[in-house]
Amino acid sequence: MKIAMVGSGYVGLVSGACFADFGHDVVCIDKDQSKIDRLHEGVMPIYEPGLDALVESNVKAGRLSFTTSLAEGIEGAAAIFIAVGTPSRRGDGHADLSFVYAVAKEVGENLSGEAVIVTKSTVPVGTGDEVERIIRDTGTAHRFAVVSNPEFLREGAAIGDFKRPDRIVIGAEDDFGREVMREVYRPLFLNESPILFTSRRSSELIKYAANAFLATKITFINEMADLCEKVGANVQDVSRGIGMDNRIGPKFLHAGPGYGGSCFPKDTLALLKTAEDYDSPTRIVEAVVKVNDSRKRAMGRKVLDALGGAEASRGKKVALLGLTFKPNTDDMRASPAIAVAQTLIDAGVQVSAYDPEGMEQARPLMPQVTMCDNPYAAIEGADATVIVTEWDAFRALDFARVKELAAAAVLVDLRNIYNPEDVRALGFTYESIGRA
């Protein structure tokens, strides 16, 4: 089957490469000529473990290609996926659907045969209805169906998530759409991956509801961590204790500096706006958004406290280890590190930093932060070292070297990757999240 993937960003490129690996003939389409040129050269526009090798092998096999021409790319395609960005719209927080709708119009104008148009982008409830209307209004004479097929990929583990999914959600309104999508996902169906067919609107809401629930779990355990610090409990024990309950589960119960990334911040906000439009308030999600936003700045204040308070911190230096919102990605969108760094800078603190993959993305977002070539260069002369992102590279720091290079043996661990007793035994002042 020929598949066209409109949008060669994170979701589109990973999905297209995986579909090609299943044996489909995939064309990835993007308006960005420089991105397509780099892809032809084998240069990935994003960092995702294993993606470069997956793309290379399928390009060599002739199953994966790239183009800037939508008309050329969708010709003969049985399934046309829309995988363009839906960022928060400036001013009101609604999802910006202008890219989705522009693609829908261009697809309708260039259809060369019957096809299923699939919204892979994360879109609010009712978007599929509008996409269908836009395509119909182009006057196309070809049979088409519009289907919702949300993605559930974790950055840093996206290829595994695509090939071994918890579930595949397909929102379709007719048999034509359902049958084409069964063929698209037939390789996974043979592996007994569960496929859930729903209405199109239910599928669109499933994506937002899932992300809002996961964001709620993160925010809940972060609040429990604050309470643990007040009462002398250990949030890791609390997390294990509640996570062993099958009704709750252990995932997304790791206390930290707050959630970030490309999905949770914008999707929770978009869900709030949708709920407001339909006069159906989502008070829990509203609280989650507010608590998470305030937590990031609070983590900066936690570092200032470790330095002796805001006044005592002025003129001191802090080293940030990890800038991306999570490890194994170069994604800086809504990363807690941005707010932490800005809180420190506002207090007159000099900030240096190191991240294994994210510094190129971080530089324009954090112009006052000195980027370093390795963690020890960032630590040199620092009055406090702060672990913001739990990259594997930071899990076995040479503490003798850290102590020698740093101005003070102070470690603030915002990801709880070290044992407090072990670090304190080495002569460090150690602060973590939700632990005494």
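Structure above, values below:
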item	result
27 Å Cα-Cα threshold exceeded, pairs from Lys35/Lys251; Lys31/Lys273; Lys296/Lys317	Lys35/Lys251; Lys31/Lys273
Assigned charges on the beta-carbon of Lys, Arg, Asp, Glu; the chain dipole about Cα centre (debye)	780
Burial ordering of Lys35, Lys251, fewest other beta-carbon atoms within 10 Å first	Lys251, Lys35
The chain: Rg to Rh, with Rh as the Kirkwood radius over Cα pairs	1.01
DSSP bridge pairs, the chain: antiparallel proportion in percent, nearest 5	5
Hydrodynamic radius of region 33-106 per Kirkwood, over alpha carbon pairs, in Å	14.6
Shape parameters for region 295-431, alpha-carbon atoms, Rg then Dmax in Å	13.3, 39
Relative contact order (%) - region 2-198, alpha-carbon pairs under 8 angstrom, separation at least six	19
Angle in degrees between helix 336-346 and the longest Cα principal axis of the chain, rounded to the nearest 10	40
Under 19 Å from Lys163, Cα to Cα: lysines that are on another chain or at least 8 residues apart	Lys2, Lys120, Lys207
Unit charges on C-beta of K, R, D, E only; dipole of region 73-197, Debye	300
Calculated log₁₀ intensity ratio I(q)/I(0) where the Debye formula runs over C-alpha points of region 1-66, q = 0.16, 0.18, 0.19, 0.26 Å⁻¹	-0.41, -0.53, -0.59, -1.18
Cα-centred dipole magnitude for region 1-51, charges only on beta-carbon of K, R (+1) and D, E (-1), debye, nearest 20	100
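Here, each number is a calculation from the coordinates, and none is a lab measurement. Because the structure is predicted, anything quoted here is derived from the model rather than measured. Glycine gets a Cβ as well: all are built from the backbone with ideal geometry, and neighbour counts include every protein chain shown.
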